[in-house]
Amino acid sequence: MTTAAQQHAQRNRATLFVEDGRLITTQAFPGDQFIMRILAPKCAAAARPGSFVHVSCGGALPMRRPLSIMRAADDWIEVLYKVVGEGLHLLAGKRVGDSISLLGPIGEPFRPSRERPNCLLIGGGVGIPPMVFLAESLQSDAWNPLAILGSEIPFPFERQESRISTPWAGDDVSSTMPLLESWGIPARLTSLAGFSGCFRGYVTDLADKWLQGLGETDRKKTQIFACGPTPMLKAVAALATTYDLPCQVSLEEFMACAVGGCAGCTVEITTPEGPAMKRVCVDGPVFDSSTVVWQ
C-alpha cells in the first residue's frame, strides 16, 4: 500500500527540478541584503506563492540553502536573502552570468479562498518575499490585498511615499514598497528603528489597527497570510484567533535536505487524528496557523 509520504512525493515529481540557473542581475542593499534574479525556466514555470528553492551556494559547500521565491516570470525567479553564515556569503559573491544550481520549487503554497477577497499580507524581514509573490498573484478585481511589511534593519528596497490612501494607518504612516505601489496594492511599512514614514511598532500592531476598523461584513470576507520569524508568526496567529479569521503562515526552520528525507525541519501540528510531526519543507512551509503548536 502506498504511504502518504510516497503519495506526496509522487504528486510533486512533475514540478520539482534540479536546474542549473544563471544569474541575470543582483542588487545589494544595506544590511547585507541581496535580491538575485536567476534564469531558471523550469522552476519559474512551476513556482507558486509560498514555495522556495534549495540553492547551491558554492562548490566548497555541499549543503544547499533554502530561499523563498519572491517573484517568478516566464523564465526567471527572484530571491531575496540576508547574508548570514558562510553559505550565503559565498552566494553573495556570485557575479552576473555565473551558474547557480537550484532544486525546486519546493513546498505547499498559499491557497487564498475566493470566498474571502480581503487578503491581509504580513511579512517580516526575510519573510517579505513570499508576501510580494502572493501580492503579485492577487492582482485582479477579484481580490483586495493589503500588505504590512516590517523590518528592524533598512528595507531591501528604496522606500517610497505612497499615493494610495490608508487613513486607518494615520497621516504620518506613508512609506511603501515601490513594487507594490506600481501594482496598485496598498502597503505600509513598520519598524522600531525610526525610519521616516513607517509605523513605529510591530506588524501586528498596525494589522490590529486595520482589523479594528473593519465592519462585520468586511471581516467575514477577510483572511490573513504571513511569513517571518516564529515570534512574529505566533503573534499573527493570536491576532487571527482574536478576530476569528482564517490564517495561513509560512514557517521558517533550518533545513538540510529540503525534500522530506531527513525530517530535520519537523514541527508539531494538530490534525484531526491528533498531534503529528510535519516536515516544514514538503508538508509546508505553509500551514493553517490554528493547527501549529506554537512553542
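The values are calculated or read from the model by the stated rules, or taken from the named source; none is laboratory data. This one's a predicted model, so the numbers in the text were calculated from it and none came from an experiment. Counting neighbours? That spans all protein chains shown, and the Cβs are built from the backbone with ideal geometry, glycine included.
Within region 78-100, residues that are touching a residue at least 40 places away in the same chain (Cβ under 8 Å) have Cβ atoms under 6 Å from residues that are of a type in the set (S, T, N, Q) in these pairs: Lys82/Gln33, counting only partners at least 6 apart in sequence or on another chain. Within region 176-191, residues that are modelled with pLDDT of 95 or more and among the basic types (Lys, Arg) sit with their Cβ atoms under 9 Å from residues that are surrounded by 24 or more Cβ atoms within 10 Å (Cβ to Cβ) and not in a strand (DSSP E or B), at 6+ positions apart or across chains, in these pairs: Arg188/Cys198; Arg188/Leu206. For region 132-165, what are the residues that are free of Cβ contacts under 8 Å to residues at least 24 places away in the same chain, within 22 Å of Lys220 (Cβ to Cβ) and either in a strand (DSSP E or B) or of a type in the set (S, T, N, Q) (or both)? Ser140 - this is the single residue of region 132-165 that is free of Cβ contacts under 8 Å to residues at least 24 places away in the same chain, within 22 Å of Lys220 (Cβ to Cβ) and either in a strand (DSSP E or B) or of a type in the set (S, T, N, Q) (or both).
Scanning region 57-100 for residues that are in a strand (DSSP E or B), under 21 Å from the mean Cα position of the chain (by Cα) and not hydrophobic (A, V, I, L, M, F, W, C) turns up Arg65, Pro66, Ser68, Arg71, Glu78, Tyr81, Lys82. One residue stands out among those in region 142-183 that are closer than 18 Å to Trp210 by Cα and among the polar types (S, T, N, Q): the one that is farthest from the chain's Cα centre (by Cα), which is Ser165. Here Asn144 fulfils each of the conditions (1) buried (at least 18 other Cβ atoms within 10 Å of the Cβ); (2) modelled with pLDDT of 95 or more apart from (1). The residue of region 200-226 that is farthest from the chain's Cα centre (by Cα), among those that are within 17 Å of Ile153 (Cβ to Cβ) and in contact (Cβ under 8 Å) with a residue 40 or more places away in the chain, is Tyr202. When Phe199 is tested against (1) among the hydrophobic types (A, V, I, L, M, F, W, C); (2) modelled with pLDDT of 95 or more; (3) under 28 Å from Val280 (Cβ atoms), exactly one condition is not met: (3).
Right, Ala256: closer than 12 Å to Ile122 by Cβ and of a type in the set (Gly, Ala, Ser) or not? For Ala256, the condition - closer than 12 Å to Ile122 by Cβ and of a type in the set (Gly, Ala, Ser) - is not met.
In the set (1) surrounded by fewer than 16 Cβ atoms within 10 Å (Cβ to Cβ); (2) among the aromatic types (Phe, Trp, Tyr); (3) within 16 Å of the chain's Cα centre (by Cα), Phe287 fails one condition alone, (1). Considering Pro62, Pro129, the condition of being under 23 Å from Arg22 (Cα atoms) and in contact (Cβ under 8 Å) with a residue 60 or more places away in the chain is satisfied by Pro129 alone. Listed by position, the strands (runs of 3 or more DSSP E) inside region 172-290 whose residues that are touching a Ser or Thr at 6+ places or on another chain (Cβ under 7 Å) number at least 2 are 187-191, 222-227, 247-250, 266-271, 274-279.
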